[in-house]
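The values are calculated or read from the model by the stated rules, or taken from the named source; none is laboratory data. Every value quoted in this text rests on a predicted model; they were computed, and no experiment measured them. All Cβ positions, glycine included, derive from the backbone under ideal geometry; neighbour counts span all protein chains shown. Side chains included, ligands, DNA and RNA excluded: accessible areas come from the protein's heavy atoms. Shrake-Rupley method; radii C 1.70, N 1.55, O 1.52, S 1.80 Å.
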Amino acid sequence: MKSVVILCAMLALSECLVRVPLFKMKTIRETMQEKGLWEEFRKKYPSNPMAKFSSVPGTEPMTNNADLSYFGVISIGTPPQSFKVVFDTGSANLWVPSIYCNSAACGNHQTFDPTKSTTFVNEGTSLSIQYGTGSMTGFLGSDTVEVGGIQVPNQVFGLSQTEAQFMYYMQADGILGLAYASEAVDGVLPVFNNMVQQSLVPNSYFSVYLSRNSESGSEVVFGGYDPSHYNGQLNWIPVSSQAYWQISMDSITINGNVVACNGGCQAIVDTGTALIVGPDSDISNINNIVGATSSNNGEVSKELLKLTEIHFYAFFVIVSVYITYYSQYYGCTTGFENSFSNGIGTGLWILGDVFIRENYVAYFSI
(Lines give C-alpha, C1' and ligand atoms only; values in the text may rest on other atoms or scores of the structure.)
Protein backbone atom coordinates (compact mmCIF):
# COMPACT_ATOMS: atom_id res chain seq x y z
CA MET A 1 0.00 0.00 0.00
CA LYS A 2 1.09 3.57 -0.57
CA SER A 3 1.58 6.69 1.46
CA VAL A 4 -0.35 9.74 0.30
CA VAL A 5 0.50 13.18 -0.97
CA ILE A 6 -2.33 15.65 -1.61
CA LEU A 7 -1.67 18.92 -3.40
CA CYS A 8 -4.28 21.45 -2.37
CA ALA A 9 -5.26 24.98 -3.22
CA MET A 10 -8.69 24.52 -1.60
CA LEU A 11 -10.11 21.64 0.48
CA ALA A 12 -13.18 19.76 -0.72
CA LEU A 13 -14.51 16.31 0.16
CA SER A 14 -16.76 13.94 -1.76
CA GLU A 15 -17.62 10.28 -2.04
CA CYS A 16 -18.48 10.56 -5.73
CA LEU A 17 -15.85 8.80 -7.86
CA VAL A 18 -15.65 9.05 -11.65
CA ARG A 19 -12.99 6.60 -12.78
CA VAL A 20 -10.90 6.59 -15.95
CA PRO A 21 -8.80 3.39 -16.24
CA LEU A 22 -5.19 3.85 -17.27
CA PHE A 23 -3.28 1.25 -19.26
CA LYS A 24 0.46 0.62 -19.29
CA MET A 25 1.87 0.22 -22.78
CA LYS A 26 5.24 0.25 -24.51
CA THR A 27 7.14 3.51 -24.25
CA ILE A 28 8.66 5.42 -27.15
CA ARG A 29 12.09 4.34 -25.91
CA GLU A 30 11.11 0.64 -25.93
CA THR A 31 9.50 0.85 -29.36
CA MET A 32 12.50 2.62 -30.90
CA GLN A 33 14.92 0.21 -29.21
CA GLU A 34 13.09 -2.72 -30.76
CA LYS A 35 13.53 -1.11 -34.18
CA GLY A 36 17.19 -0.26 -33.57
CA LEU A 37 16.55 3.48 -33.77
CA TRP A 38 16.99 4.61 -30.19
CA GLU A 39 20.77 5.18 -30.03
CA GLU A 40 20.78 7.49 -33.03
CA PHE A 41 17.63 9.30 -31.89
CA ARG A 42 18.79 10.04 -28.35
CA LYS A 43 22.11 11.45 -29.62
CA LYS A 44 20.37 13.69 -32.15
CA TYR A 45 17.67 14.81 -29.68
CA PRO A 46 19.05 14.81 -26.11
CA SER A 47 16.36 14.72 -23.46
CA ASN A 48 15.31 18.07 -21.99
CA PRO A 49 12.58 17.21 -19.45
CA MET A 50 12.33 20.80 -18.18
CA ALA A 51 11.31 22.19 -21.59
CA LYS A 52 7.58 21.81 -20.89
CA PHE A 53 7.85 24.09 -17.86
CA SER A 54 9.60 26.94 -19.69
CA SER A 55 6.47 28.39 -21.24
CA VAL A 56 6.07 31.65 -23.13
CA PRO A 57 2.74 33.32 -23.93
CA GLY A 58 0.91 31.70 -26.83
CA THR A 59 2.76 28.40 -26.80
CA GLU A 60 2.66 25.17 -24.82
CA PRO A 61 6.22 23.87 -24.67
CA MET A 62 6.55 20.15 -24.03
CA THR A 63 9.29 17.58 -24.50
CA ASN A 64 9.65 14.16 -26.07
CA ASN A 65 9.23 12.02 -22.98
CA ALA A 66 10.44 8.67 -24.21
CA ASP A 67 9.45 6.78 -21.06
CA LEU A 68 5.77 7.65 -20.66
CA SER A 69 3.66 4.51 -20.44
CA TYR A 70 0.24 5.30 -18.93
CA PHE A 71 -2.70 6.16 -21.17
CA GLY A 72 -6.46 6.40 -20.81
CA VAL A 73 -9.31 6.42 -23.33
CA ILE A 74 -11.67 9.33 -24.01
CA SER A 75 -14.11 10.07 -26.82
CA ILE A 76 -14.88 13.21 -28.80
CA GLY A 77 -17.87 14.10 -30.97
CA THR A 78 -21.40 12.90 -31.76
CA PRO A 79 -21.35 10.00 -32.36
CA PRO A 80 -18.21 9.51 -30.25
CA GLN A 81 -14.76 8.88 -31.72
CA SER A 82 -12.31 7.23 -29.28
CA PHE A 83 -8.71 8.24 -28.53
CA LYS A 84 -5.91 7.12 -26.25
CA VAL A 85 -4.50 10.11 -24.36
CA VAL A 86 -1.85 10.87 -21.75
CA PHE A 87 -3.45 12.52 -18.71
CA ASP A 88 -0.76 15.15 -18.20
CA THR A 89 -0.72 17.39 -15.11
CA GLY A 90 2.23 19.24 -16.66
CA SER A 91 0.23 20.79 -19.53
CA ALA A 92 -3.24 22.28 -19.90
CA ASN A 93 -4.59 21.66 -23.42
CA LEU A 94 -6.42 18.70 -24.94
CA TRP A 95 -5.39 17.77 -28.47
CA VAL A 96 -5.71 14.76 -30.77
CA PRO A 97 -4.67 13.97 -34.37
CA SER A 98 -7.06 15.00 -37.12
CA ILE A 99 -7.88 13.71 -40.59
CA TYR A 100 -6.19 16.86 -41.96
CA CYS A 101 -2.78 15.71 -40.70
CA ASN A 102 -0.39 14.23 -43.27
CA SER A 103 2.54 13.60 -40.91
CA ALA A 104 3.73 10.03 -40.49
CA ALA A 105 2.79 10.24 -36.81
CA CYS A 106 -0.87 10.65 -37.75
CA GLY A 107 -0.83 7.70 -40.12
CA ASN A 108 -0.62 5.10 -37.36
CA HIS A 109 -2.91 6.80 -34.82
CA GLN A 110 -6.61 7.41 -34.49
CA THR A 111 -7.61 10.69 -36.16
CA PHE A 112 -10.60 12.89 -35.44
CA ASP A 113 -12.97 13.53 -38.34
CA PRO A 114 -15.01 16.68 -37.60
CA THR A 115 -17.24 16.06 -40.61
CA LYS A 116 -18.63 12.97 -38.86
CA SER A 117 -19.62 14.83 -35.69
CA THR A 118 -22.92 16.71 -35.58
CA THR A 119 -21.77 18.77 -32.59
CA PHE A 120 -18.37 19.97 -33.87
CA VAL A 121 -17.65 23.70 -34.21
CA ASN A 122 -14.51 25.11 -35.84
CA GLU A 123 -13.15 27.84 -33.54
CA GLY A 124 -11.10 29.37 -36.35
CA THR A 125 -7.93 29.66 -34.25
CA SER A 126 -4.54 28.09 -34.95
CA LEU A 127 -2.63 26.07 -32.35
CA SER A 128 1.09 25.38 -31.95
CA ILE A 129 2.75 23.15 -29.37
CA GLN A 130 6.54 23.12 -29.35
CA TYR A 131 8.53 19.99 -28.52
CA GLY A 132 12.22 19.43 -27.96
CA THR A 133 12.31 17.53 -31.25
CA GLY A 134 9.78 19.40 -33.37
CA SER A 135 6.23 20.63 -32.98
CA MET A 136 2.54 19.89 -33.32
CA THR A 137 0.54 22.45 -35.27
CA GLY A 138 -3.17 22.57 -35.97
CA PHE A 139 -6.32 24.45 -35.10
CA LEU A 140 -8.90 24.67 -32.33
CA GLY A 141 -12.43 23.26 -32.44
CA SER A 142 -15.08 22.52 -29.86
CA ASP A 143 -17.21 19.44 -29.35
CA THR A 144 -18.58 17.09 -26.72
CA VAL A 145 -15.78 15.27 -24.91
CA GLU A 146 -16.56 12.19 -22.82
CA VAL A 147 -14.18 11.39 -19.96
CA GLY A 148 -14.93 8.56 -17.58
CA GLY A 149 -18.61 8.54 -18.51
CA ILE A 150 -18.93 12.33 -18.07
CA GLN A 151 -19.97 14.23 -21.18
CA VAL A 152 -18.40 17.68 -21.33
CA PRO A 153 -20.22 19.76 -23.99
CA ASN A 154 -18.58 22.63 -25.85
CA GLN A 155 -15.05 21.62 -24.89
CA VAL A 156 -12.39 23.41 -26.93
CA PHE A 157 -9.56 21.12 -28.08
CA GLY A 158 -6.76 20.98 -30.61
CA LEU A 159 -6.82 19.08 -33.90
CA SER A 160 -3.33 18.39 -35.23
CA GLN A 161 -2.33 19.05 -38.84
CA THR A 162 1.38 18.32 -38.42
CA GLU A 163 3.16 16.31 -35.71
CA ALA A 164 6.78 15.77 -34.73
CA GLN A 165 8.44 12.64 -36.12
CA PHE A 166 9.06 11.03 -32.71
CA MET A 167 5.30 10.91 -32.06
CA TYR A 168 5.06 8.14 -34.65
CA TYR A 169 6.43 5.84 -31.95
CA MET A 170 4.10 7.05 -29.20
CA GLN A 171 1.34 4.61 -28.23
CA ALA A 172 -1.09 7.34 -27.21
CA ASP A 173 -2.88 9.43 -29.83
CA GLY A 174 -2.87 12.74 -27.96
CA ILE A 175 -2.63 14.64 -24.68
CA LEU A 176 -5.25 15.70 -22.12
CA GLY A 177 -3.76 18.45 -19.96
CA LEU A 178 -4.65 18.79 -16.28
CA ALA A 179 -2.50 21.77 -15.28
CA TYR A 180 -3.96 25.11 -14.22
CA ALA A 181 -6.01 27.06 -16.76
CA SER A 182 -3.38 29.82 -16.77
CA GLU A 183 -1.07 27.48 -18.69
CA ALA A 184 -3.52 26.73 -21.53
CA VAL A 185 -2.77 28.01 -25.02
CA ASP A 186 -5.15 30.69 -26.37
CA GLY A 187 -7.03 30.94 -23.09
CA VAL A 188 -8.74 27.57 -23.61
CA LEU A 189 -10.57 26.26 -20.56
CA PRO A 190 -9.02 22.85 -19.71
CA VAL A 191 -11.25 19.78 -19.60
CA PHE A 192 -11.31 19.40 -15.82
CA ASN A 193 -11.98 23.10 -15.25
CA ASN A 194 -14.86 22.80 -17.70
CA MET A 195 -16.22 19.84 -15.72
CA VAL A 196 -16.15 21.93 -12.54
CA GLN A 197 -17.60 25.04 -14.17
CA GLN A 198 -20.50 23.06 -15.65
CA SER A 199 -21.10 21.27 -12.29
CA LEU A 200 -20.41 17.89 -13.89
CA VAL A 201 -18.34 16.84 -10.86
CA PRO A 202 -19.30 17.73 -7.28
CA ASN A 203 -15.83 18.83 -6.20
CA SER A 204 -12.89 20.57 -7.80
CA TYR A 205 -10.26 17.88 -7.37
CA PHE A 206 -9.01 14.73 -9.02
CA SER A 207 -6.59 11.96 -8.03
CA VAL A 208 -4.13 9.65 -9.76
CA TYR A 209 -3.17 6.06 -8.93
CA LEU A 210 -0.41 4.34 -10.88
CA SER A 211 0.10 0.64 -10.22
CA ARG A 212 3.56 -0.86 -10.02
CA ASN A 213 5.18 -2.88 -12.78
CA SER A 214 2.56 -4.70 -14.89
CA GLU A 215 -0.19 -4.62 -12.26
CA SER A 216 -3.62 -3.45 -13.40
CA GLY A 217 -5.81 -0.91 -11.66
CA SER A 218 -4.14 2.38 -12.59
CA GLU A 219 -6.70 5.18 -12.86
CA VAL A 220 -7.55 8.87 -12.76
CA VAL A 221 -10.49 9.69 -10.49
CA PHE A 222 -12.41 12.93 -11.03
CA GLY A 223 -14.31 14.48 -8.14
CA GLY A 224 -12.84 12.24 -5.46
CA TYR A 225 -10.18 9.82 -4.31
CA ASP A 226 -10.17 6.13 -3.46
CA PRO A 227 -9.04 5.18 0.09
CA SER A 228 -8.39 1.60 -1.05
CA HIS A 229 -5.30 2.87 -2.87
CA TYR A 230 -3.44 4.02 0.24
CA ASN A 231 -2.79 3.51 3.95
CA GLY A 232 -2.84 6.13 6.68
CA GLN A 233 -4.07 9.71 6.58
CA LEU A 234 -4.13 12.23 3.77
CA ASN A 235 -1.22 14.66 4.04
CA TRP A 236 -1.90 18.19 2.83
CA ILE A 237 0.73 20.16 0.94
CA PRO A 238 -0.07 23.71 -0.26
CA VAL A 239 0.59 24.46 -3.90
CA SER A 240 3.40 27.02 -4.02
CA SER A 241 2.68 28.20 -7.56
CA GLN A 242 -0.74 27.86 -9.17
CA ALA A 243 0.42 27.24 -12.72
CA TYR A 244 1.78 23.73 -12.66
CA TRP A 245 1.28 21.56 -9.57
CA GLN A 246 4.31 22.93 -7.79
CA ILE A 247 5.16 22.35 -4.12
CA SER A 248 7.98 23.17 -1.69
CA MET A 249 10.26 20.38 -0.46
CA ASP A 250 12.49 20.65 2.60
CA SER A 251 15.11 18.08 1.63
CA ILE A 252 15.83 14.69 0.08
CA THR A 253 17.53 12.12 2.28
CA ILE A 254 18.98 8.62 2.13
CA ASN A 255 19.35 6.78 5.44
CA GLY A 256 18.67 10.01 7.29
CA ASN A 257 21.39 11.97 5.49
CA VAL A 258 20.54 14.92 3.24
CA VAL A 259 21.70 14.09 -0.29
CA ALA A 260 19.87 16.73 -2.33
CA CYS A 261 17.55 19.74 -2.03
CA ASN A 262 19.63 20.94 0.93
CA GLY A 263 17.88 23.92 2.52
CA GLY A 264 14.72 23.43 0.47
CA CYS A 265 13.69 23.40 -3.19
CA GLN A 266 10.69 23.46 -5.50
CA ALA A 267 9.16 20.41 -7.18
CA ILE A 268 6.41 19.83 -9.75
CA VAL A 269 4.33 16.66 -9.35
CA ASP A 270 3.79 15.68 -12.97
CA THR A 271 1.99 12.67 -14.43
CA GLY A 272 3.36 13.66 -17.84
CA THR A 273 6.98 13.01 -16.86
CA ALA A 274 8.08 9.39 -16.47
CA LEU A 275 11.09 9.72 -14.18
CA ILE A 276 12.22 11.89 -11.25
CA VAL A 277 14.15 14.84 -12.65
CA GLY A 278 16.50 17.11 -10.74
CA PRO A 279 19.59 19.33 -11.02
CA ASP A 280 22.63 17.61 -12.48
CA SER A 281 24.79 17.68 -9.34
CA ASP A 282 22.01 16.38 -7.09
CA ILE A 283 21.08 13.55 -9.46
CA SER A 284 24.72 12.55 -9.83
CA ASN A 285 25.12 12.55 -6.07
CA ILE A 286 22.10 10.28 -5.58
CA ASN A 287 23.18 7.90 -8.32
CA ASN A 288 26.70 7.67 -6.92
CA ILE A 289 25.39 6.88 -3.45
CA VAL A 290 23.25 4.01 -4.71
CA GLY A 291 26.02 2.63 -6.92
CA ALA A 292 25.01 4.03 -10.30
CA THR A 293 27.02 5.71 -13.04
CA SER A 294 25.49 8.63 -14.92
CA SER A 295 26.09 8.92 -18.66
CA ASN A 296 26.33 12.15 -20.58
CA ASN A 297 22.77 11.97 -21.89
CA GLY A 298 21.20 11.73 -18.46
CA GLU A 299 20.47 8.03 -18.47
CA VAL A 300 21.78 5.87 -15.68
CA SER A 301 23.08 2.35 -16.10
CA LYS A 302 23.92 0.02 -13.25
CA GLU A 303 25.66 -3.31 -12.87
CA LEU A 304 25.09 -3.64 -9.14
CA LEU A 305 22.06 -1.93 -7.63
CA LYS A 306 22.03 -1.06 -3.93
CA LEU A 307 18.39 -1.46 -3.00
CA THR A 308 17.41 1.40 -0.73
CA GLU A 309 14.76 4.04 -0.13
CA ILE A 310 15.01 7.72 -0.80
CA HIS A 311 12.90 10.04 1.33
CA PHE A 312 11.46 13.23 -0.12
CA TYR A 313 10.55 15.65 2.64
CA ALA A 314 7.76 18.06 1.77
CA PHE A 315 6.72 19.84 4.93
CA PHE A 316 5.79 17.01 7.28
CA VAL A 317 5.33 14.43 4.52
CA ILE A 318 7.81 11.57 4.26
CA VAL A 319 7.55 9.39 1.17
CA SER A 320 9.67 6.47 0.05
CA VAL A 321 10.62 6.05 -3.59
CA TYR A 322 12.17 2.80 -4.73
CA ILE A 323 14.82 3.77 -7.19
CA THR A 324 14.85 0.67 -9.36
CA TYR A 325 13.78 1.26 -12.93
CA TYR A 326 14.07 -1.71 -15.27
CA SER A 327 14.72 -1.85 -18.98
CA GLN A 328 15.07 -5.02 -21.02
CA TYR A 329 17.69 -3.29 -23.13
CA TYR A 330 19.72 -1.45 -20.52
CA GLY A 331 19.26 -3.88 -17.64
CA CYS A 332 18.72 -2.30 -14.25
CA THR A 333 18.61 1.49 -14.17
CA THR A 334 17.48 4.13 -11.72
CA GLY A 335 14.41 6.29 -12.14
CA PHE A 336 16.40 9.54 -11.96
CA GLU A 337 17.26 11.89 -14.80
CA ASN A 338 19.21 15.12 -14.75
CA SER A 339 17.65 18.35 -15.97
CA PHE A 340 20.70 19.71 -17.82
CA SER A 341 20.11 22.93 -15.85
CA ASN A 342 17.56 24.12 -18.40
CA GLY A 343 14.67 24.40 -15.96
CA ILE A 344 12.85 27.41 -14.59
CA GLY A 345 14.71 28.41 -11.48
CA THR A 346 17.71 26.80 -9.83
CA GLY A 347 16.99 23.54 -8.06
CA LEU A 348 13.61 22.74 -9.64
CA TRP A 349 12.61 19.08 -9.47
CA ILE A 350 9.98 17.08 -11.36
CA LEU A 351 8.38 14.23 -9.45
CA GLY A 352 7.11 12.03 -12.28
CA ASP A 353 5.60 8.57 -12.57
CA VAL A 354 8.39 6.89 -10.57
CA PHE A 355 7.30 9.03 -7.61
CA ILE A 356 3.56 8.72 -8.24
CA ARG A 357 3.73 4.92 -8.43
CA GLU A 358 4.85 4.96 -4.79
CA ASN A 359 2.53 7.72 -3.59
CA TYR A 360 -1.17 8.21 -4.21
CA VAL A 361 -1.60 11.81 -5.35
CA ALA A 362 -4.72 13.99 -5.30
CA TYR A 363 -4.81 17.40 -6.98
CA PHE A 364 -7.07 20.05 -5.41
CA SER A 365 -7.90 23.02 -7.61
CA ILE A 366 -9.53 26.37 -6.94
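Label region 140-240 by shape, choosing from rounded, prolate and oblate, from the square roots a ≥ b ≥ c of the eigenvalues of the Cα gyration tensor; if a/c is under 1.5 it is rounded, and otherwise prolate applies when a/b is larger than b/c, oblate when it is not. In terms of gyration-tensor shape, oblate. Peptides 173-179, 258-264 ranked from most to least packed give 173-179, 258-264, packing being the mean of other C-beta atoms within 10 angstrom over each peptide's residues. The HN-Hα couplings worked out from phi for region 21-35 by the Karplus form 6.51 cos²θ - 1.76 cosθ + 1.60 (θ = phi - 60°) are x, 10, 10, 8, 10, 5, 7, 4, 4, 5, 5, 6, 5, 4, 8 Hz, whole numbers, x standing for Gly and Pro. Amide H to amide H, with H built 1.01 Å from N, Thr334 comes under 5 Å of Val300, Tyr325, counting only residues 5 or more places away or on other chains.
Take the Cα of Met25, step 7 Å toward its Cβ, do the same at Ser128, and the gap between the two points is 2.9 nm. For Asp88, the solvent-accessible surface computed with a 1.4 Å probe is close to 0 Å², ligands and nucleic acids excluded.
Remark on Val259: its backbone amide H falls under 5 Å from those of Ile252, Thr253, Ile254, a criterion applied only to residues 5 or more positions apart or on other chains, H modelled at 1.01 Å from N. Region 195-296 gives an Rg/Rh value of 1.02, both radii derived from C-alpha positions and Rh following Kirkwood.
Here the gap between Ser182 and Ala104, fully extended at 0.36 nm per residue and compared with their Cα-Cα distance, gives a gain of 24.9 nm.
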